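The values are calculated or read from the model by the stated rules, or taken from the named source; none is laboratory data. What you see is a predicted model, and the numbers here were worked out from it, not measured in a lab. Cβ placement follows ideal geometry from the backbone for every residue including glycine, while neighbour counts extend to all protein chains displayed. SASA here: full protein model, heavy atoms, side chains in, ligands and nucleic acids out. Shrake-Rupley method; radii C 1.70, N 1.55, O 1.52, S 1.80 Å.
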Amino acid sequence: MATEIREAEQNASVSDSDSGQSDFIETNEIPGKSSNTLLVANDSFEDLSYAELNNTIVASPMGTINSLVKKKAKRSLSLPEREHVEDTVSESEVDDSEVETSEICDDSQVDMIEARVTELSLQETTSQTADAQIPHLMTNTDTDYVNSPEWKRQKKHIFILSESGKPIYSRHGNEDKLVTIMGVMQALVSFVADSNKDTLRSIVAGDHKFVFMTRDHLTFVGVTRGKESTQQMFLQLTYMYNQVISILTHSTLTRIFKQHRNYDLRRPLSGAEKFFDNLLNLMDVEPGLLLTSVRCLPLDSNVRDIVSQTIAQHAKVKDLVFALIIAQNQLVAVVRMKKYYLHPMDLHLILNLINASESFKAAESWTPICLPKFDAAGFLQAHVSYLDEECQTCLLLLSVDIEAFYTLSECKAKIQERLIKYNALAAINNSLKRNSYSIQQCSISDLRHFLYKSRSTAQYTSPELEAPYNTKEEKERLFGLYYYLHDRIHTSGRTLKILFHVGAYETLLGWVTTGFELYAVFGPLVTKMSAIHAVNKLLRWIKKEEDRLFILSSVTF
Amino acid sequence: MASRKKVLLKVIILGDSGVGKTSLMNQYVAKKFSNQYKATIGADFLTKEVMVDDRLVTMQIWDTAGQERFQSLGVAFYRGADGCVLVFDVTMPNTFRSLDSWRDEFLIQASPRDPENFPFVVIGNKIDLENRAVSARRAQGWCHSKGDIPYFETSAKEAINVEQAFQAVAKNAMAQESDVELCSDFPDPIKLKDDQAKPRENCAC
Ligand SMILES: Nc1nc2c(ncn2[C@@H]2O[C@H](COP(=O)(O)OP(=O)(O)O)[C@@H](O)[C@H]2O)c(=O)[nH]1
Ligand SMILES: [Mg+2]
């Protein structure tokens, strides 16, 4: 692919090329912008630097949300400064430098590490001599699988292991059959940590990237030959870490390993494998995780108002922190307690919980969930129920009161009754049936697909995937383009504002301002000028549709 | 993921260079004996599944791969070990005398919760050789003085007693296996602080 690509990333300035459109980046005109925060959205990708990701969550001794408020306050002191610097770099400036950050210490180590990596497969082979005495317990298929070429050919592997090198989770293959390889991974991480007082971030070997992240006695390893950058893999591993915290809480996790360094974490996590699997599957198809933002179900704003007002009225219960309705991984409405916000990364854990569980469809449920960005030290209790027969529309009531099930169950009944009465449930169902929207509705020629994120609300919108992006391979390729564009814009030394990239099969335009992020995919022949013209037209279209595509008002109890 | 029955044990083999650690491990896992002395860097790992009292146990065996003082791996090598095999060469008295310092180093670095009862096993290797220099009685005496560590005499070359020695370490480690009930004591639920946010003010409840 590389040779066919021409890149033209200079001078794509808004003011130069299309001065009439520059008003679209004026703050009050940003589509989907809202000053009513309902999601904490200041955690944009560039804040997820290694330094930030490495900050282990500080469990507040109180286990209260105060710590969150404080942390937020601190952050807003330090952040704007940085953002300002970036913002004063003129919007039109374009940076096309290809900065490759080398993340490994020195050559001798690379050699040594590479040698170890190639040895892995050999080691596994020696270790597979299954003990003949226990044939009924040895699932030979498991053993065979992790030694097979299929296993090695998997596009992405994710492993979780403890700091003693014990396996906890593997995306492909039974982790129990990967004991040797996990030991080697731990040895690699420790080797760099102990001998260099350094941290192993990543290894690049051929077309594979190995990305390592150590947090709270756990090591997360991602191996990919996909388009994800190291930074983006890091983000994915962070989601995995958050998923662990969501099940155990940070305080329990650290307590376990303080008391038993040799602890087998698979025990408290048993049954949770489906959440890890599902989260990883979501990451491959759902851009919201990459964008740390969520997609809203398109809905008439007055219907949405009815929904949130109904919740606000009928769930006015002590200790209820958040109430939300989600449908097919999309946000329908959120109501929150004053001063408490839902972070998009936490919301993705909630979406994953619902997405991965069939059991909620059977009955109203009461389940503990820790939302690490909200409070990593404790559990919220979630009342989970579906509001419709088809089990598409899900109501979640998140409380700090572990005794609140019956109270919340009554709330649910009232909410459900009202939503049926006001035809709101039917409206939700209709919207679900209609699919989201076709790119054709934007009527912009040569625009094939886009992702638009409103930063202030941490919400994004994108059209349906249509031809040519309707096969698995093409969808994957499109996702790869977005990975590429997103990475170029965010991690090329400093944040780019506009990036115009001419590829073999399509032309990409990325545009990031303080208010939004836009990633647009055009046909291959579009010129820079017309692409910029087109995205401005697109912004106007989104602006026109924003009431339907975004949740713009924040409702509190 | 883990069923109740599956257990994973991290086992570490320690002892002076040349006593036969790698050979023992290879004998145990792959049942092969190689006469080549191979010094590699870092650690080596082998995995073996065994049955201990009706439970399927996976042993992850860590070997020092030639760097007997493992400057390279440091504490990571020992961290979270469930069992430790101390090996000496019955024809080399100095390797026997080193056992004390190996045991001490392990206890310092791994700092197990209950060092008195940590599952060690001692192996006197190379009993197939003629020139034996450490008697079984002397070795047993040492093991006894360290809290009755089980003692095995093996030959990695002739596959004598190797299986039994590793089986013992697995069994003893299993006996120690801590069965903390974590899920019974959930961390405190979150308490909302009213003075920060006054959520109840406008509640109708
Ligand atoms: N005769 C005999 N030689 C052994 C035995 N075990 C190991 N060796 C030899 O002792 C040397 C060192 O063995 P090795 O396993 O590399 O020791 P390590 O340094 O402790 O890992 C090698 O030449 C082995 O072939 C044994 O039981 N009998
Ligand atoms: Mg050796």
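Here are a few things to note about the model shown:
For (1) surrounded by 16 or more Cβ atoms within 10 Å (Cβ to Cβ); (2) among the hydroxyl-bearing types (S, T, Y); (3) under 17 Å from B:K21 (Cβ atoms), each residue gets a yes or a no:
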residue: B:R138; (1), (2), (3): no, no, no
residue: B:G141; (1), (2), (3): no, no, no
residue: B:K146; (1), (2), (3): no, no, no
residue: B:E158; (1), (2), (3): no, no, yes
residue: B:F166; (1), (2), (3): yes, no, yes
residue: B:N172; (1), (2), (3): yes, no, no
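- Some residue of region A:428-438 being at positive phi and either polar (S, T, N, Q) or surrounded by fewer than 16 Cβ atoms within 10 Å (Cβ to Cβ) (or both): yes
- Scanning region A:182-229 for residues that are of a type outside the set (V, I, T), within 14 Å of another protein chain (Cβ to nearest Cβ) and in contact with a strand residue (DSSP E or B) (Cβ under 7 Å, 6 or more places away or on another chain) turns up A:M182, A:G183, A:M185, A:Q186, A:L200, A:F212, A:H217, A:L218.
- Test: residue in region B:79-88 that is within 20 Å of the chain's Cα centre (by Cα), on the phi > 0 side of the Ramachandran plot and open to solvent by less than 40 Å² (accessible area, probe 1.4 Å): yes
- Hey, A:I498 of a type in the set (A, V, I, L, M, F, W, C) and touching a Pro at 6+ places or on another chain (Cβ under 7 Å) or not: no
- Pairs where the first residue, in region B:54-68, is within 11 Å of chain A (Cβ to nearest Cβ) and within 8 Å of ligand 2 (Cβ to nearest atom) and the second is open to solvent by 10 Å² or more (accessible area, probe 1.4 Å) and at pLDDT 85 or above, C-beta under 7 Å, 6+ apart: B:D63/B:T22
- Of residues in region A:380-401 being open to solvent by 10 Å² or more (accessible area, probe 1.4 Å) and either over 22 Å from A:K338 (Cβ atoms) or within 21 Å of the chain's Cα centre (by Cα) (or both), the one modelled with the highest pLDDT: A:Y386
- Only one of the listed residues (B:Q71, B:Q27, B:Q109) is within 16 Å of ligand 2 (Cβ to nearest atom), at pLDDT below 90, surrounded by fewer than 19 Cβ atoms within 10 Å (Cβ to Cβ) and of a type outside the set (A, V, I, L, M, F, W, C). That residue is B:Q71.
- Any hit, region A:448-460, residues being in a loop (DSSP other than H, G, I, E, B) and over 23 Å from A:G288 (Cβ atoms): no
- Residue list for region A:144-169, restricted to those being without any contact (Cβ under 8 Å) to a residue 24 or more places away in the chain and open to solvent by less than 10 Å² (accessible area, probe 1.4 Å): A:G165
- Any chance A:Q416 is surrounded by fewer than 22 Cβ atoms within 10 Å (Cβ to Cβ), of a type outside the set (G, A, S) and either touching a Pro at 6+ places or on another chain (Cβ under 9 Å) or not in a helix (DSSP H, G or I) (or both): no
- Checking A:K472 against (1) more than 22 Å from the chain's Cα centre (by Cα); (2) open to solvent by 10 Å² or more (accessible area, probe 1.4 Å); (3) not polar (S, T, N, Q), the condition it does not meet: (1)
- Any hit, region B:126-146, residues being within 14 Å of another protein chain (Cβ to nearest Cβ) and either modelled with pLDDT under 95 or closer than 18 Å to B:A168 by Cβ (or both): no
- Scan of region B:85-112 for residues that are touching a Ser or Thr at 6+ places or on another chain (Cβ under 8 Å) and without any contact (Cβ under 8 Å) to a residue 60 or more places away in the chain, ordered by number: none
- The set of residues from region B:150-191 being basic (K, R) and modelled with pLDDT under 90 comprises just one member, B:K191.
- Residue ID - nearest to the other protein chains (Cβ to nearest Cβ), chosen from residues in region A:263-295 that are in contact with a Leu (Cβ under 6 Å, 6 or more places away or on another chain) and within 26 Å of A:L549 (Cα to Cα): A:M283
- Considering residues of region A:248-262 that are surrounded by fewer than 23 Cβ atoms within 10 Å (Cβ to Cβ) and touching a Phe, Trp or Tyr at 6+ places or on another chain (Cβ under 7 Å) only, the residue farthest from the other protein chains (Cβ to nearest Cβ): A:F257
- Pair list, Cβ under 6 Å, 6 or more apart: region A:318-334 residue more than 14 Å from A:L549 (Cα to Cα), other residue open to solvent by 10 Å² or more (accessible area, probe 1.4 Å) and part of a strand (DSSP E or B): A:F322/A:R336
- Yes/no for A:I256 being modelled with pLDDT of 90 or more and part of a helix (DSSP H, G or I): no
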